[in-house]
Amino acid sequence: MAFYYKEPSRTFSEYLLVPGFSSAECIPGNVSLKTPVVKYRKGQEECPLSMNIPMVSAVMQSVSGEKMGEALAKEGGIAFIYVSQPIEQQAEMVRKVKAAKAGFVVSDSNLHVDDTLAEVLEKKAESGHSTMAVTDDGTGTGKLLGIVTSRDYRVTRMDPSTKVSDFMTPREKLVTAREGTTLKEANNIIWDNKLNALPIVDENDHMVAFVFRKDYDLHKNNPMSLMDDQKRYIVGAGINTRDYAERVPALVEAGADVLVIDSSEGYSEWQAITLKWIRDHYGDSVKVGAGNVVDGEGFRYLVEAGADFVKIGIGGGSICITRETKGIGRGQATAVIDVAAERDKYFEETGIYVPICSDGGIVYDYHMTLALAMGSDFCMLGRYFARFDESPTNRIFINGNYVKEYWGEGSARARNWQRYDLGGDKKLSFVEGVDSYVPYAGSLADGVAVTLSKIRHTMCNCGALSLEELRDKAKITQVSSVSIVEGGAHDVILKDKQAE
């Protein structure tokens, strides 16, 4: 006969954190939200990929494009560029995020002295880069002859056929640095000479890279930025269990730092096959998460198949109707508690710590803190990030309010059949998501700052200065329906309502 769980599955709204002792050191400014993203031998080595905040954006058309990738990396998190698009288009989004900020930037928009102003403008439109090296062979590794920036020409007063050699800043007027110069030294040269860009050349005066003033400014203005060892933004990307043999190499070549298998239900041999292919071709060099699961059994299966982290959650997303259409899923809080217990058991057995990600079920900001206290290392958020300027969707004015479009990957609009693939026909047999609007919330930086402030303050109430300490010290109580009502404003006449 069927197996029956003795306890009902519960949501985050059914729990509260009980305050613990807060020492004088327990102030929000002392709280660290750094968290591991991929598996590692805890206590023996540093995690090869960590985040400065426990937030990643969902693998969705309406959430995670290149703008989200840049904005979230600036705040210390990771965006997972959506997979339901052509492979090269997704890879190009990854490349744009990686090129948005860097230390030493290999020049990919280069000119020959015989090129024309028209060609300069064409390359600028294609790449978005206004600073271009002029080399003897027109490549990024040729001998440096000069550079062209937007200050070297005026489109309205120059003939488009004017040659680059007539308006470029020539080599003899350029300040350069030799290969081997550190990034700190390069930035000092930039400041001392009031430059916007510093060419780095080798001993034969061949181009090696550029260092840009704007990248230094970006880092100083965003100290929590998440960057790789080349000072480029960290970015993730989604994959599926159908075209991984073509998609994974393209994303790796584009510079994706971490991948995740995007699936509505991950306790599947399809995911094991995908993970095996990645391990056979890349070993452990490519970091890839798997999921989604809702119990310890599914977690164990994916970890043993080679997953670097595991996502938790089925049917809890605000635009997901999987539970309505198929009758499968589990309350998000119960799922996190169950998987976290299995994660800890696996760590005790093997010494390998596998991070877990709570995906879905977040309605209020405090739900994130609960998910973290229950064992999640980070949260994947869709609706939350869809509200901001940096999501790819349109902002629309409806009934006196601005909203942003937001649709699920299982909706008729996205038709991401690969996410719900169980073999057989290559189509979405029925929808598992809706098309909707969410209230517009302005810039991501402002919204995330408020959310993180709430998390830090709550952690201080619990006497915790790190997420690991929060998991150890958290005291969590289940609440009744009546106490949920008590927790909000009640038995008063709200001023804003009265004004209406």
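Observations on the model:
- Qualifying residue in the stretch 373-388 (condition: more than 25 Å from GLN61 (Cα to Cα) and not in a loop (DSSP other than H, G, I, E, B)): yes
- Annotation: of all residues in the stretch 344-397 being aliphatic (A, V, I, L, M) and over 20 Å from the mean Cα position of the chain (by Cα), the one that is farthest from GLY408 (Cα to Cα) is ILE352.
- Test: SER165 is assigned to a loop (DSSP other than H, G, I, E, B) and open to solvent by 40 Å² or more (accessible area, probe 1.4 Å): no
- When ALA71, ALA91 are screened for being under 19 Å from THR451 (Cβ atoms), in contact (Cβ under 8 Å) with a residue 40 or more places away in the chain and hydrophobic (A, V, I, L, M, F, W, C), only ALA71 passes.
- GLU119 being part of a helix (DSSP H, G or I), closer than 30 Å to TYR82 by Cα and out of contact with any helix residue (DSSP H, G or I) (no Cβ under 7 Å at 6 or more places or on another chain): no
- GLY298 being free of Cβ contacts under 8 Å to residues at least 24 places away in the same chain and over 20 Å from VAL59 (Cα atoms): no
- Selection status of ASP114, in contact with a Phe, Trp or Tyr (Cβ under 9 Å, 6 or more places away or on another chain), over 16 Å from ALA209 (Cα atoms) and acidic (Asp, Glu): no
- Those residues of the stretch 172-185 which are open to solvent by 40 Å² or more (accessible area, probe 1.4 Å), outside any loop (DSSP other than H, G, I, E, B) and either more than 30 Å from PHE80 (Cα to Cα) or touching a helix residue (DSSP H, G or I) at 6+ places or on another chain (Cβ under 7 Å) (or both), in sequence order: GLU172, LYS173, ARG178, LYS184, GLU185
- Test result for ALA449, modelled with pLDDT of 95 or more and closer than 24 Å to VAL37 by Cβ: yes
- Looking only at residues of the stretch 140-162 that are without any contact (Cβ under 8 Å) to a residue 60 or more places away in the chain and part of a loop (DSSP other than H, G, I, E, B), we find that the one that is nearest to VAL211 (Cα to Cα) is THR149.
- Test: residue in the stretch 112-124 that is open to solvent by less than 50 Å² (accessible area, probe 1.4 Å), farther than 22 Å from TRP191 by Cβ and of a type in the set (Asp, Glu): yes
- Filter pass, SER130 being in a loop (DSSP other than H, G, I, E, B) and surrounded by 21 or more Cβ atoms within 10 Å (Cβ to Cβ): no
- Residues that are under 24 Å from the mean Cα position of the chain (by Cα) and of a type in the set (Lys, Arg), drawn from the stretch 450-500: LYS454, ARG456, ARG471
- Selection status of ARG395, surrounded by fewer than 22 Cβ atoms within 10 Å (Cβ to Cβ), basic (Lys, Arg) and either at negative phi or out of contact with any Asp or Glu (no Cβ under 6 Å at 6 or more places or on another chain) (or both): yes
- Residue count for the stretch 217-263, restricted to those that are under 19 Å from VAL37 (Cβ atoms), among the acidic types (Asp, Glu) and touching a helix residue (DSSP H, G or I) at 6+ places or on another chain (Cβ under 7 Å): 1
- The residues in the stretch 186-219 that are among the β-branched types (Val, Ile, Thr) and open to solvent by less than 30 Å² (accessible area, probe 1.4 Å) can be counted, and the count is 4.
- In the stretch 115-157, the residues that are over 20 Å from VAL105 (Cβ atoms) and not acidic (Asp, Glu): THR116, LEU117, ALA118, LEU121, TYR153, ARG154, VAL155, THR156, ARG157
- Restricting attention to the stretch 427-446 and to residues that are of a type in the set (Asp, Glu) and surrounded by fewer than 17 Cβ atoms within 10 Å (Cβ to Cβ), the residue that is modelled with the highest pLDDT turns out to be ASP446.
Okay, residues lined up against (1) at pLDDT 95 or above; (2) open to solvent by 10 Å² or more (accessible area, probe 1.4 Å); (3) under 12 Å from the mean Cα position of the chain (by Cα); (4) among the hydrophobic types (A, V, I, L, M, F, W, C):
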| position | (1), (2), (3), (4) |
| --- | --- |
| TYR4 | no, yes, no, no |
| THR11 | yes, yes, no, no |
| ASN30 | yes, yes, no, no |
| VAL59 | yes, no, yes, yes |
| VAL63 | yes, no, yes, yes |
| MET68 | yes, no, yes, yes |
| ALA73 | yes, no, yes, yes |
| ALA79 | yes, no, yes, yes |
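- Any hit, the stretch 162-180, residues being within 30 Å of GLN90 (Cβ to Cβ) and not β-branched (Val, Ile, Thr): no
- Helices (runs of 4 or more DSSP H) enclosed by the stretch 233-327 - at least 3 residues per element that are basic (Lys, Arg), modelled with pLDDT under 95 and crowded, with 16+ Cβ neighbours inside 10 Å: none
The values are calculated or read from the model by the stated rules, or taken from the named source; none is laboratory data. Not measured: the values here are computed from a predicted model. Backbone-built Cβ (ideal geometry, glycine too); neighbour counts: all protein chains shown. Ligands, DNA and RNA are stripped out before the accessible areas are found, and what is left, the full protein with its side chains, is counted by its heavy atoms. Shrake-Rupley method; radii C 1.70, N 1.55, O 1.52, S 1.80 Å.
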